[in-house]
Amino acid sequence: QVQLVESGGGLVQAGGSLRLSCVVSGRTFNIDGIGWHRQAPGKQREFVASISSGGSTSYTDSVKGRFTISRDNAKNTVHLQMNSLKPEDTAVYYCSAWTIATTHWGQGTQVTVFS
């Protein structure tokens, strides 16, 4: 099994920054990639960013240039640096890790951006 624990969410004014962290533990040897999704009230969960085991990154268009995903292999941690936050970024942010067989999810961390 793979366990994912997110942290770093909070309340921030528009234009501000937050850094989310996801600590990955358990059977991590066959993880193909780790990513972040978010779900706003009344909306479907959507992809935000991901980083593959080879280090390739991907972002949804709405966060390109503002968010950066990175990983610290020594600490088994993936970060999502979020800058220039907007009210529309308000959501619960979920860390995910996928293998060829399945996707694991964390419990989520709330990000609220006020104007």
Failed condition for residue 15, given (1) closer than 21 Å to residue 87 by Cα; (2) surrounded by 12 or more Cβ atoms within 10 Å (Cβ to Cβ): (2)
Residue within segment 46-66 that is over 20 Å from residue 3 (Cβ atoms), open to solvent by less than 60 Å² (accessible area, probe 1.4 Å), without any contact (Cβ under 8 Å) to a residue 24 or more places away in the chain and touching a Leu at 6+ places or on another chain (Cβ under 9 Å) present: yes
Test: residue in segment 85-100 that is closer than 30 Å to residue 115 by Cβ, open to solvent by 60 Å² or more (accessible area, probe 1.4 Å) and assigned to a strand (DSSP E or B): no
Residue count, segment 88-112 (criterion: touching an Asp or Glu at 6+ places or on another chain (Cβ under 7 Å), of a type outside the set (Phe, Trp, Tyr) and more than 15 Å from residue 39 (Cβ to Cβ)): 2
Test result for residue 31, surrounded by 15 or more Cβ atoms within 10 Å (Cβ to Cβ), in a loop (DSSP other than H, G, I, E, B) and within 16 Å of the chain's Cα centre (by Cα): yes
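The values are calculated or read from the model by the stated rules, or taken from the named source; none is laboratory data. None of these values were measured; they are calculated from a predicted model. Cβ: placed from backbone, ideal geometry, glycine included. Neighbour counts: every protein chain shown. To get the accessible areas, we keep the full protein, side chains included, count just its heavy atoms, and leave off ligands, DNA and RNA. Shrake-Rupley method; radii C 1.70, N 1.55, O 1.52, S 1.80 Å.
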